[in-house]
Amino acid sequence: MENNKVTNILLSGVGGQGAILASNILAHVFVEAGYDVKKSEVHGMAQRGGDVTTHFRYGKKVYSPLIPYGGVDFLLAFELVEALRYINHCKPEARIVMNDQKILPPAVNLGLAEYPEGIPATFRQYFKENVHVVKGQEIALSLGNAQAANVVLVGAFSNFFPEIARDLWIGALMDLLPKKIHDLNIKAFDKGKETL
Amino acid sequence: MKKVLQGNEAIARGAWEAGVTVAAAYPGTPSSEILAEIAGYKEIAGQWSPNEKVAVEVASGASIAGARALACMKHVGMNVAADPFMTLAYTGIKGGFVIVVADDPNVHSSQNEQDSRNWARFAKVPMLEPGDAAECKDFTKMAFEISEQFDTPVLLKGETRVCHSDSLVELTERQESKVALGLDPKEASKYVMVPANVRVRRKTIETRMKELEAYADVFSRNVMEINDPEVGIIAAGAAYMYAKEAFPNYSFLKLGMVWPLPKKLIAEFFRKVKKVIIVEELDPFLETEIRALGFNVYHGKDVIPNMFELSPEIIAKSLMAEDYKEPETRVDPNDLPRRPPNMCAGCPHRALFYSLKKLGAFVFGDIGCYTLAFAPPLQALHTTICMGASIGQAYGAGKAMGKEGLGKICAVLGDSTFLHGGIGPVMDTVYNKGYSTTIILDNRTTGMTGLQEHAGTGYTLKGEPANMVNYETLVQALGVKNIRKVDPYKVKETMEVIKEEMERDDASVIITTNGPCMLHRREKRGFEYPFYAVDTDMCRGCKVCLELGCPAISWVVSEGETKDGKKRKGVVSINKSQCPGCGLCAQVCKFESIKAGA
Ligand SMILES: Cc1ncc(C[n+]2csc(CCOP(=O)(O)OP(=O)(O)O)c2C)c(N)n1
Ligand code: SF4
Ligand code: SF4
């Protein structure tokens, strides 16, 4: 079944970070590029500060909505611990973009647990130069709105798919976002793209 | 045209294309988005019902009038709807009648993990099981056709990974139903289920099942794919998708209809394939039936887990045994701090449960956001069974404890839960002279499942203004004499009222006011102050406020002393951007170190 290669993208983050929008952008782009896609959101109660992960898969024909454990080709993480939580899910040759942001889990807030340090270094130990840390918030803020951090990350992530033209990404942003924030998000995408 | 749709959106679209005109549901994960989507179709009268039983009754009434009608619910909703459902299987339908029942393997957001396929066998009605969004749409439409062709309600089984997954769906146009609208009194013998009529319909059911069995053998979505003649898998729905992913070269018998089973097709599969494996989530439903037909099943629940959800790797691991190569473990995920769900900052439930905790009450709880009060640090809710159970349980506990229980027992439930199943038990408490206190958390929405309207919010599914239940006059009519209102954010007063009512040797109801859900968009009245802040000169680091479990409050280690020289190990800090200013922590602090911000 080599001819039906399915590519696996895992998005992880905390509720409210915009991971859902990012996965909608991916779905839009890869459908436009002619692929079959499946997307599955996994969240208990995201509105209440829980973690959110989205399994996104594309290929000629996709069956399972879930990525087999250990089968992630690309990881897009919006928060550092939420990246680390899925390190075992990645293939040895996986490529990773992670946002340089910490959102403290409740146990850390209450002083009952520690936030793991050196997460990018842990990733580099296994994935070497395939690990990219992006200052999503900082870049988005420099453009005037921290909310656009998710699109900065998508911009960085888009470098992993050179076969997909920039137009398709921009088209997805225009289709999915309200008009008055198009300019901001196109800038965010391009700034993100420049980071790797 | 093709479009990426969520499974639930695709079910709604299928219903619309099939010409449905009436749809009713009570929300429940993972089914809630079906009606939310239906709200957008002007041709469908879509509505939230107070519970699943009513939803099924509404849809069946529409069907008897000739309309194509849909009812939707999560798996446990079927327990509530079972009474009409089991007998509607006898009466049959007029306009196509489909019930969507969405399972939750792995219990992502439910109180149990029951396997809804058992209802199909139990009630003797057909069940279709889609595996992705495209099938959700197609199977919904087919379900209406089967319903009308065989004069039966049809079950459509959803589940978390199907309802909440998105994939490409081919959209087509709506076709109005061919069944004429109208009510015919001459059909009464079909719908009046008294013994003489029941016996007639009872036989009809058996004939219908025979016909459906024959139909299953030719049903276009029961599909045989012969690849490897050595090994084959029988599966349906999401389990098929996972198995196909794990073993693409095996042969497959994919069942689109999981009840009744296509006996001839199954026999043919066993003839064509040497070793047949049955891959299914939860119960050995297909396996039991197929073994009972006399087939020699190579593997089933002997290796495939009978609980939680399956995935491609669980299936691979189960079938490959030692040959399965486990991916490398780089970090032990158990070492990482988790992010359990928590009530929102400022949630009115947190305030109320803090009072209950301080009073040391045994709280018979219910299902909703407030169930989260069971978790540390609050740990102030002590049972959760099913919607509305809290009231009857509290009453029963009072009967068992007698005077000993006075001052110790209460039932707590949300507004949506109260309207779902709480009215009868309050009536019972009064009628049978119970003394328990029922607290209704009126946050003006169905919070847990994503802010759905209900009969107490004043709006319909489609956002139109509507009657709003008055809880006070309602429980008064049930005979409750002691009815109190509390503002949960006023801790001292709330505690006094609850204490008084729990100690009273008579039934009582307490209704919260000023407590809309924080996510509620419509009532954007904020609190008196925009946020609260910690005076770090004063904070003694006693951690009392941390007992609230408010996500806006955190602990900062910093040894030192307060301005007036009291030693401390650290201070708390309030995240201004997260705090909406409910003022609860300020009331809890004994050293007046939490102050309103401006
Ligand atoms: C029989 C049944 N139907 C539906 C559900 C899903 N469900 C869980 S909690 C809930 C509603 C909770 O609303 P409410 O009681 O108002 O409390 P809130 O979450 O707003 O605090 C629903 C619909 C269920 N668990 N059981
Ligand atoms: S959604 Fe509403 S009811 Fe639920 S925890 Fe948040 S504020 Fe409370
Ligand atoms: S006032 Fe205190 S308890 Fe209320 S939301 Fe703010 S920090 Fe939380």
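The values are calculated or read from the model by the stated rules, or taken from the named source; none is laboratory data. Owing to the predicted nature of the structure, the values given are computational and were not obtained by experimental measurement. Note that we place each Cβ from the backbone using ideal geometry, even for glycine, and neighbour counts take in every protein chain shown. All accessible areas refer to the heavy atoms of the entire protein, side chains included, with ligands and DNA or RNA removed. Shrake-Rupley method; radii C 1.70, N 1.55, O 1.52, S 1.80 Å.
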>> Can you return the lysines within cross-link range of A:Lys193? Criterion is Cα-Cα under 29 Å, with same-chain partners fewer than 8 residues away left out.
In response: A:Lys5, A:Lys38, A:Lys39, A:Lys60, A:Lys61, A:Lys91, A:Lys102, A:Lys128, A:Lys135, A:Lys179, A:Lys180, B:Lys3
>> Counting only Cα atoms, I'd like the Rg/Rh figure for the stretch B:36-95, Kirkwood definition for Rh.
In response: 0.97
>> Taking just the alpha carbons, could you work out the radius of gyration and Dmax for chain B, both in angstroms?
In response: 27.4, 89
> Tell me, what is the 1.4 Å probe accessible area of B:Met193, in Å² to the nearest 10?
Replying inline: 50
> What FRET efficiency, computed as 1/(1 + (r/R0)^6) with R0 = 30 Å and r the Cβ-Cβ distance, is obtained for B:Arg221 and A:Glu163, rounded to the nearest 0.05?
Replying inline: 0.30
> Roughly how many Å² is the accessible area per residue of the protein assembly as shown, as a whole number, for a 1.4 Å probe?
Replying inline: 41
> What ranking of B:Phe531, B:Phe591 comes out by heavy-atom accessible area, probe 1.4 Å, highest first?
Replying inline: B:Phe591, B:Phe531
>> Rounded to whole Å, give me the distance from the Cα center of the stretch B:492-522 to that of the stretch B:543-598.
In response: 26
> At 222 nm, what helix-only mean residue ellipticity would the protein assembly as shown give, in deg cm²/dmol to the nearest 500, using -39500 (n - 2.57) for each DSSP H run of four or more?
Replying inline: -10500 deg cm²/dmol
> Cα extents of the stretch B:275-387 along the three principal axes, largest first, in whole Å?
Replying inline: 62, 42, 20
> What residues of the stretch B:438-462 lose no less than 20 Å² of accessible area with every protein chain in place versus their chain by itself (probe 1.4 Å, heavy atoms only)?
Replying inline: B:Met448
> Cross-link partners among lysines for B:Lys203, C-alpha distance below 18 Å, same-chain residues fewer than 8 apart left out?
Replying inline: B:Lys124, B:Lys190
>> Need the C-alpha centroid separation for the stretch B:210-256 versus the stretch B:38-84, integer Å.
In response: 31
> Calculated FRET efficiency, B:Asn432 and B:Leu293, Cβ-Cβ r, R0 60 Å, to nearest 0.05?
Replying inline: 0.75
>> Suppose the chain between B:Lys3 and B:Asp537 were pulled fully straight at 0.36 nm per residue; how much longer would it get relative to their current alpha carbon spacing?
In response: 186.4 nm
> With a Cα-only, solvent-free Debye model of the stretch B:2-218, what are the log10 I(q)/I(0) values at q = 0.09, 0.14, 0.17 Å⁻¹?
Replying inline: -0.31, -0.77, -1.15
>> If I stretch the segment between B:Asn306 and B:Asn112 completely, what's the gain in nm (0.36 nm per residue apart, minus their alpha carbon distance), one decimal?
In response: 68.4 nm
>> 7 Å from Cα along Cα→Cβ at both B:Glu187 and B:Asp506: what's the point-to-point distance in nm?
In response: 5.1
> Do any GluC sites (Glu not before Pro) in the stretch B:26-101 lie in a loop, going by DSSP, with at most 16 other beta-carbon atoms within 10 Å of their beta carbon, and if so which?
Replying inline: B:Glu43
> How high is the FRET efficiency between B:Glu176 and A:Lys61 when r is their beta carbon distance and R₀ equals 35 Å, given to the nearest 0.05?
Replying inline: 0.55
> When all protein chains stay in place, what accessible area (Å², nearest 10, 1.4 Å probe) is found for A:Phe74?
Replying inline: 30
>> Counting pairwise Cα distances across the stretch B:1-116, what percent come out greater than 22 angstrom?
In response: 29
> Antiparallel as a % of all DSSP beta bridges within the stretch B:348-512, to the nearest 5?
Replying inline: 10
> B:Lys357: which lysines have alpha carbons under 24 Å from its alpha carbon, excluding same-chain residues fewer than 8 sequence positions away?
Replying inline: B:Lys399, B:Lys403, B:Lys408, B:Lys485, B:Lys490, B:Lys492, B:Lys499, B:Lys543, B:Lys590, B:Lys595
>> Looking at the stretch B:414-473, I'd like the Rg to Rh ratio, where Rg is from alpha-carbon atoms and Rh is Kirkwood's inverse mean 1/r.
In response: 1.04
> Along the principal axes of its C-alpha atoms, what lengths does the protein assembly as shown span, in descending order and rounded to whole Å?
Replying inline: 87, 73, 52
> Over all Cα pairs of the stretch B:348-512, how is the pair count split among 10 Å bins, expressed in % and running from 0 up to the last occupied bin?
Replying inline: 11, 43, 36, 9, 1
> Considering only DSSP beta bridges whose two residues both sit in chain B, what percent are antiparallel, to the nearest 5?
Replying inline: 30
>> I want to check the label-to-label distance for B:Asn575 and B:His520. Put each point 7 Å from Cα in the C-beta direction and report it in nm to one decimal.
In response: 2.5
>> Could you check the spin-label model distance between B:Val200 and B:Asp332? Points 7 Å from the Cα along Cα→Cβ, value in nm.
In response: 7.0
> Hey, any idea what % of the protein assembly as shown's accessible area is carbon plus sulfur with a 1.4 Å probe?
Replying inline: 53
> Quick one: putting +1 on the C-beta of Lys and Arg, -1 on the C-beta of Asp and Glu, what dipole do you get for the protein assembly as shown around its Cα centre, in Debye to the nearest 20?
Replying inline: 940
> What do you reckon, how do B:Asp132, B:Asp302 stack up by accessible area (1.4 Å probe), largest on top?
Replying inline: B:Asp302, B:Asp132
> Amide H of B:Asn482: which non-local residues (sequence gap of 5 or more, or other chain) have their own amide H closer than 5 Å, using H built in the peptide plane?
Replying inline: B:Val509
>> Springs between alpha-carbon pairs under 10 angstrom, Gaussian network model over chain A: which of A:Ala94, A:Ala146, A:Ala113 fluctuates most?
In response: A:Ala113
>> Nearest 5 percent is fine: what portion of the DSSP beta bridges confined to the protein assembly as shown is antiparallel?
In response: 40
> Rounded to the nearest 20 Debye, what is the dipole magnitude of chain B about its Cα centre when Lys and Arg each give +1 and Asp and Glu each give -1 at the C-beta?
Replying inline: 1040
> Can you tell which of B:Ile278, B:Val76, B:Gly414 lies farthest toward the positive end of the dipole of the protein assembly as shown, using +1 and -1 charges on the Cβ of basic and acidic side chains (Lys, Arg; Asp, Glu)?
Replying inline: B:Gly414
>> Keeping all protein chains in the complex and leaving out DNA, RNA and ligands, what accessible area do you get for A:Ser142 with a 1.4 Å probe, in Å² to the nearest 10?
In response: 90
> Any idea how far the Cα center of the stretch A:57-114 sits from the one of the stretch B:300-371, in Å?
Replying inline: 18
> On the first, second and third principal axes, largest extent first, how far apart are the outermost C-alpha atoms of the stretch B:223-323 in Å?
Replying inline: 33, 26, 22
> Out of residues 5 or more away from B:Ala45 or on other chains, whose amide H comes under 5 Å of its own, with H placed 1.01 Å from N in the peptide plane?
Replying inline: B:Val22, B:Ala23
>> Let me check something: with ligands and nucleic acids excluded, how do B:Phe418, B:Phe122 order by accessible area (1.4 Å probe), largest to smallest?
In response: B:Phe122, B:Phe418
